[in-house]
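The values are calculated or read from the model by the stated rules, or taken from the named source; none is laboratory data. Remember, it's a predicted structure, so these values are computed and weren't measured experimentally.
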Amino acid sequence: MNQIVDLQMRLMEQEKQIGEMNEEIIRLNKLLAQLVRDYKTMKETMDLSPVKPQSEETPPPHY
């Protein structure tokens, strides 16, 4: 009888841990989605920037 109770306790603990891990995965997925949105916004902003890469810039007149 004690073995059955022990197995039930283990199962309850595993279910609790699985629930906690699932919540963490959901939180991390939301964070990742936000980071991807932020990255895309930053990239679009940089693409619209009037500053050219140094290789495309005209050197100053004193060169």
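From the list 56, 24, which residue is at pLDDT below 85 and acidic (Asp, Glu)?
56
Restricting attention to the stretch 27-53, which residues are modelled with pLDDT under 85 and in a helix (DSSP H, G or I)?
Selection gives 46, 47.
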